[in-house]
Every structure is written in structure tokens, then in C-alpha cells.
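What follows is a short report on a single structure.
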Amino acid sequence: MKFMRSVVAGTPGAGKSTFVRMLSDMEVVDTDRRATDETSLYKRKTTVAFDFGRLALGPNLELHIYGTPGQARFNFMWDMLIRRAHTYIMLVTANRPRDFVYARQIISFMNQRVQIPMMVGLTHMDCPGAWSQKEIMLALGYINAKNRPPVVIINPNDKTSVVEAMLVLMGLVIAGSNVKLSNTP
């Protein structure tokens with residue numbers, strides 16, 4: 001059996017846990033607790049360690065999906081999860097521009113630790129105040145379109161949307177083909 005690990009990172013409330021739940025073919029292991037900081041403005045509970053889901057991609061290949069906590073105080077978990085990952089997706093909430101600088105910091109954190117295929121997933125694009133894809137990518141520091149990671153619009157509550165995003169991410173793995181899958185979970 002071969003295993004591939006993908007990390008779903010992002011700011012609080014971007015849809016990481018929902019993304020993992022929507023994609024997983026097993027009951028997701030989560031570490032949700034009552035939100036006690038500014039995150040409580042968006043949701044009642046928040047991830048404090050990680051979410052874990054699994055998707056069988058064939059008889060001999062499993063995708064393990066890890067959702068990170070959004071708050072910086074849990075960045076030790078980001079570090080642990082990203083170091084064993086083969087890919088990651090950064091979820092960015094399009095209607096909260098005050099989160100864009102923080103999203104940029106998370107991307108920098110991840111990229112300082114690993115150089116693996118990544119993409120940006122824009123959530124809440126249908127909400128009032130959502131910025132355009134071009135504006136968000138500029139805010140994230142991607143000035144030159146040639147150096148920009150793939151960007152997809154994602155509704156974490158829609159399985160088709162989540163699966164399509166994961167297919168784009170898998171396409172990056174195939175295109176890079178230097179990703180070595182693991183024999184251990």
C-alpha cells in the first residue's frame with residue numbers, strides 16, 4: 001500500500017475542516033474545541049491540533065488529508081504536518097481581506113519548510129465583499145502570473161467542488177512526478 005499526504009491550510013473559518021470532511025471516505029478524526037478567541041466571531045468551534053480524513057484512490061493507494069488549525073499559536077502543528085506532506089492547498093476566505101496578510105504569512109511558513117506542489121483555494125467568493133481572484137493573488141504577494149500557483153474557487157460544502165480542487169492538486173503531483181509516495185501512513 002502506498003500513501004500520499006495532503007495538507008489543507010488556511011486562516012480560521014476558511015473551510016479547512018469542512019473540506020476534509022467533504023473529501024474523506026471515513027469518519028473524520030477532529031480536534032475541534034470551543035473557540036475562545038476572535039475566531040468565535042465566525043464559528044463556535046475551532047480545530048486545535050488537526051483534522052484527519054482518508055480517501056482510497058485505488059486498491060493500493062490512499063490519500064491522507066490533514067486539516068491544520070488556523071491560529072498561529074498552533075503553528076507547531078503546521079510544522080509537524082507539512083514536513084511529511086506531499087502537497088498542500090492554502091484556503092483563503094475571499095470576503096475577509098484583513099486575513100490576506102495572515103494567509104501570506106502561512107504560505108511563507110509552509111514554503112520555508114518544504115518545496116512541494118501547492119495551490120490556492122478561494123472560499124466565500126459568493127459572499128458580499130469578496131475580492132476578485134486577481135486582487136487576492138496580488139494581496140498574497142503573487143505579482144507575476146508566471147510564478148503564481150494554481151488557483152481554484154472552492155465551496156467546501158460542495159463535494160464536487162472539493163473533488164475538483166483535489167484533482168487539480170493531484171495533477172500538480174503528476175506533472176512534477178518527483179513526489180515519492182510513502183509506504184507508511
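Computed from the coordinates by the stated procedures, all read-outs in this text should not be read as laboratory data. No experiment lies behind these values; they were computed from the predicted model shown. Methodologically, a virtual Cβ is constructed for each residue, glycine included, from the backbone with ideal geometry; neighbour enumeration extends over all protein chains shown.
Which of the peptides 89-95, 21-27 is most tightly packed, and how do the rest follow, judged by the mean count of other Cβ atoms within 10 Å per residue? Please list the in-between numbers first.
Numbers: 89-95: 24.9, 21-27: 16.3.
Highest-to-lowest ranking by the protection proxy: 89-95, 21-27.
Normalised by the residues of the stretch 2-176, what does the relative contact order come to in percent, with Cα pairs under 8 Å and at least six apart?
On the way: 341 pairs, mean separation 42.3, N = 175.
Value for the stretch 2-176: 24 percent.
Run the quick spin-label model on D79 and R98: label points 7 Å from Cα toward the beta carbon, then report their separation in nm to one decimal.
Each label point lies 7 Å from its Cα, and together they span 2.9 nm.
Compute the semi-axes of the equivalent ellipsoid of the stretch 58-185, taking the square root of 5 times each eigenvalue of the Cα gyration tensor, and list them largest first in whole Å.
24, 17, 15
May I ask you to sort L172, L57 by Cβ crowding, counting other Cβ atoms within 10 Å and putting the fewest first?
Working: L172 18, L57 15.
Taking fewest neighbouring Cβ atoms as first place, the list is L57, L172.
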